[in-house]
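Asks: Just dropping this structure here.
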Amino acid sequence: MSALDRIPHDAPATTTIGGSGFAGLQVPPAATDGWKMLLYKEVLRFWRVAFQTIAAPVLTAVLYLLIFGQVLSNRVQVYPGVSYIAFLVPGLVMMSMLQNAFANSASSLVQSKIMGNLVFILLTPLSAGNWFVAYVGAAMARGLLVGIGVYLVTLLYAPAQAASLLWIAVFALIGNGLMGTLGLLAGLWSDKFDQMAMFQNFVVMPMTFLAGVFYSIHSLPGIWQVLSHFNPFFYMIDGFRYGFFGVSDVSPWWSLGVSGTTLLLLSALCMHLLRTGYKLRG
C-alpha cells in the first residue's frame, strides 16, 4: 500500500469559502487556520518560560504592594472606607497587565527580526488581520495571566472587593488589547532590543507611573492633574479601579470612551503598517 493510499479519503485538503462572491472557491487550510497556529506559537513562547514571564512580574507587583503599603498605609487614605493597601491592588494589577502585554508582542516581533526567523512567517499566506489577532491575542493572554496571578497573591494582604465585575472585565480586556497593540507597533518600529527598551523606558514606564497607580490624581499639583487627563493609561487604571470600589477620579463611561477610542486608533494604525509591510519586507 502506497503512502497516498493510507490518507483517509474524507480528509479535507482545502477549505471551501461560501457566499455569492466566493462560491466554490477552494483555499488551503493555512489561509484560514494559520492564525491559530501563530497564536499557539506566541502563547507557547511565553508559557515555556512562565517563571520569567508570569511569576517574576507577580513577585515584582507584590514587592511594590508590601513596600508602599507598609510605608504609606497609615498616612494615606484616598477613598473613604478604603484602605491604602486595598487602593493599591487594582492599580498594581492593571500596571502589571499593561507592562506585560506590551512586552510580549514587542519582544516577540523584535526577537524574530534579530534571529531571522520572521521570513518563515512572511512566506505564509497570513493576512494582516491574522498577524494582528495572533500577536495581540497572545499579549492579552499573558497580560491576563499576570493580572490574575497578582490579584490572587494580593488577597493575602487585602480582602477581595468587586463593585462591578463587568467594569473590571471590560477595562482588563481593553487595557491588555491596547498595550498588546502598542507593543506590536513598537516591535514593527524597532530593529533591535535597544530601540524597544527605549520605547518602554521613555514612553510606557513614565505613562504608567503617572497614571495614578499609587495615588489619586487629585493629590497632584494643578499642572500635573491637567497633564494626567491627557494620559490614556490613567483612564484604563481609573476605570479598572472603579470596578473594585464603585468610586473613581472620573466617570467610568468617560474612561471607557477614551480607552476605547485610543484602542481603535492604535489598531487602525497597526493594521495599516502590517498591510504595507512596514519594516517587515525590507
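Asks: Do we find that ASP249 is in a loop (DSSP other than H, G, I, E, B) and under 17 Å from GLY175 (Cβ atoms) in this structure? First the steps, then the outcome.
Replies: Details: in a loop (DSSP other than H, G, I, E, B): yes; under 17 Å from GLY175 (Cβ atoms): yes.
When the stated conditions are applied, ASP249 passes them.
Asks: Does region 264-282 hold any residues that are touching a Ser or Thr at 6+ places or on another chain (Cβ under 9 Å) and either surrounded by fewer than 22 Cβ atoms within 10 Å (Cβ to Cβ) or within 16 Å of VAL93 (Cβ to Cβ) (or both), and which are they? Please lay out each step first, then the result.
Replies: Just the residues of region 264-282 that are touching a Ser or Thr at 6+ places or on another chain (Cβ under 9 Å), to begin with: 266-267, 269-270, 274-275, 279.
Within region 264-282, LEU266, SER267, LEU269, LEU274, ARG275, LYS279 qualify.
Asks: Quickly run through region 207-231 and pick out the residues that are in a helix (DSSP H, G or I) and of a type outside the set (Phe, Trp, Tyr).
Replies: If we filter region 207-231 for residues that are in a helix (DSSP H, G or I), which is where we start, we get 207-209, 217-219, 222-228.
The answer is MET207, THR208, ILE217, HIS218, SER219, GLY222, ILE223, GLN225, VAL226, LEU227, SER228.
Asks: Could you go through region 200-216 and let me know if any residue there is exposed (fewer than 14 other Cβ atoms within 10 Å of the Cβ) and either over 30 Å from SER112 (Cβ atoms) or in contact with a Phe, Trp or Tyr (Cβ under 8 Å, 6 or more places away or on another chain) (or both).
Replies: Checking region 200-216: not a single residue is exposed (fewer than 14 other Cβ atoms within 10 Å of the Cβ) and either over 30 Å from SER112 (Cβ atoms) or in contact with a Phe, Trp or Tyr (Cβ under 8 Å, 6 or more places away or on another chain) (or both).
Asks: May I pose another question? List every residue pair whose Cβ atoms sit under 9 Å apart, with the two residues 6 or more apart in sequence or on different chains, where the first one lies in region 226-238 and is farther than 9 Å from SER255 by Cα and without any contact (Cβ under 8 Å) to a residue 24 or more places away in the chain and the second, anywhere, is among the hydroxyl-bearing types (Ser, Thr, Tyr) and assigned to a helix (DSSP H, G or I).
Replies: HIS229/TYR235
Asks: Counting just the residues of region 40-78 that are outside any helix (DSSP H, G or I) and touching a residue at least 60 places away in the same chain (Cβ under 8 Å), which one comes out surrounded by the most Cβ atoms within 10 Å (Cβ to Cβ)? Break it down stepwise before answering.
Replies: Start the filter on region 40-78 by keeping residues that are outside any helix (DSSP H, G or I), which leaves 48-49, 73-78.
Right, trim to touching a residue at least 60 places away in the same chain (Cβ under 8 Å) and you get 76, 78.
Values: VAL76: 17, VAL78: 20.
Filtering first and then ranking leaves VAL78.
Asks: Return the only residue of PHE234, PHE230 being surrounded by 14 or more Cβ atoms within 10 Å (Cβ to Cβ), within 22 Å of the chain's Cα centre (by Cα) and not polar (S, T, N, Q).
Replies: Details: PHE230 fails: surrounded by 14 or more Cβ atoms within 10 Å (Cβ to Cβ).
Step by step, each of PHE234, PHE230 is checked, and only PHE234 is surrounded by 14 or more Cβ atoms within 10 Å (Cβ to Cβ), within 22 Å of the chain's Cα centre (by Cα) and not polar (S, T, N, Q).
Asks: Hey, which of the helices (runs of 4 or more DSSP H) in region 128-206, taking only ones fully inside, have at least 3 residues that are modelled with pLDDT of 95 or more? First the steps, then the outcome.
Replies: Details: elements: 128-154, 165-189, 193-199.
Because the criterion is at least 3 residues that are modelled with pLDDT of 95 or more, the helices (runs of 4 or more DSSP H) in region 128-206 that meet it are 128-154, 165-189.
Asks: Run down VAL258, VAL247 and say which single residue is under 21 Å from the mean Cα position of the chain (by Cα) and among the aliphatic types (A, V, I, L, M). Let's see the steps before the verdict.
Replies: Working: VAL247 fails: under 21 Å from the mean Cα position of the chain (by Cα).
Of the residues listed, the single one that is under 21 Å from the mean Cα position of the chain (by Cα) and among the aliphatic types (A, V, I, L, M) is VAL258.
The values are calculated or read from the model by the stated rules, or taken from the named source; none is laboratory data. Quick caveat, the model's predicted, so the values are computed rather than measured. Note that each Cβ is placed from the backbone with ideal geometry, even for glycine, and that neighbours are counted across all protein chains shown.
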